[in-house]
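Below you'll find the structure, written out as structure tokens, and then a few comments.
The values are calculated or read from the model by the stated rules, or taken from the named source; none is laboratory data. Note that the coordinates shown come from a computational prediction; the quantities given were computed from them, not determined experimentally. FYI the Cβ positions are ideal-geometry reconstructions off the backbone, even for glycines, and counts take in every protein chain you see. Ligands, DNA and RNA are stripped out before the accessible areas are found, and what is left, the full protein with its side chains, is counted by its heavy atoms. Shrake-Rupley method; radii C 1.70, N 1.55, O 1.52, S 1.80 Å.
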Amino acid sequence: MIEVRVDPEVCAASGMCTLLVPEVFDQSEEDGTVLLVDATPAAGLEKKVHTAALRCPSGAITVHQAETDTAGS
């Protein structure tokens, strides 16, 4: 499972992420910067999310491997 993080402070408001994965990203109506809709998207969206992060012109999107709680195992 992945965890998506965004930094609106460095976002260039290009909207590329919203076009590529609207299930995960949106844009602020106020200034056009990135809004995160789903920080832990379904496995089927992982490839698209990675593509959006790579195509982000300002590097405002990062994708991390989500930590899982294995204490109960």
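Hey, can you tell me all the residues within the range 12-31 that are of a type outside the set (Ser, Thr, Tyr), in a loop (DSSP other than H, G, I, E, B) and open to solvent by 30 Å² or more (accessible area, probe 1.4 Å)?
Step one: filter the range 12-31 for residues of a type outside the set (Ser, Thr, Tyr), giving 12-13, 15-17, 19-27, 29-31.
In the following step, the residues that additionally are in a loop (DSSP other than H, G, I, E, B) were identified as 12-13, 15, 21-24, 29-31.
Those that are of a type outside the set (Ser, Thr, Tyr), in a loop (DSSP other than H, G, I, E, B) and open to solvent by 30 Å² or more (accessible area, probe 1.4 Å): 12, 13, 22, 23, 29, 30, 31.
Looking only at the range 54-64, which residues are surrounded by fewer than 20 Cβ atoms within 10 Å (Cβ to Cβ) and touching a residue at least 12 places away in the same chain (Cβ under 8 Å)?
Looking only at the range 54-64, we keep the residues that are surrounded by fewer than 20 Cβ atoms within 10 Å (Cβ to Cβ), and these are 54-55, 57-59, 62-64.
Residues satisfying the conditions are 55, 57, 58, 59, 62, 63, 64.
Given (1) under 11 Å from the mean Cα position of the chain (by Cα); (2) surrounded by 18 or more Cβ atoms within 10 Å (Cβ to Cβ); (3) polar (S, T, N, Q), where does residue 51 come up short, assuming only one miss?
Status for residue 51: all satisfied but (2).
Could you say whether any residue in the range 35-49 is on the phi < 0 side of the Ramachandran plot and in a strand (DSSP E or B)? Step through it out loud before you land on a result.
First, pick out the residues of the range 35-49 that are on the phi < 0 side of the Ramachandran plot: 35-49.
Now drop any that are not in a strand (DSSP E or B), which leaves 35-36.
Within the range 35-49 (the criterion being on the phi < 0 side of the Ramachandran plot and in a strand (DSSP E or B)), the answer is yes, since at least one residue qualifies.
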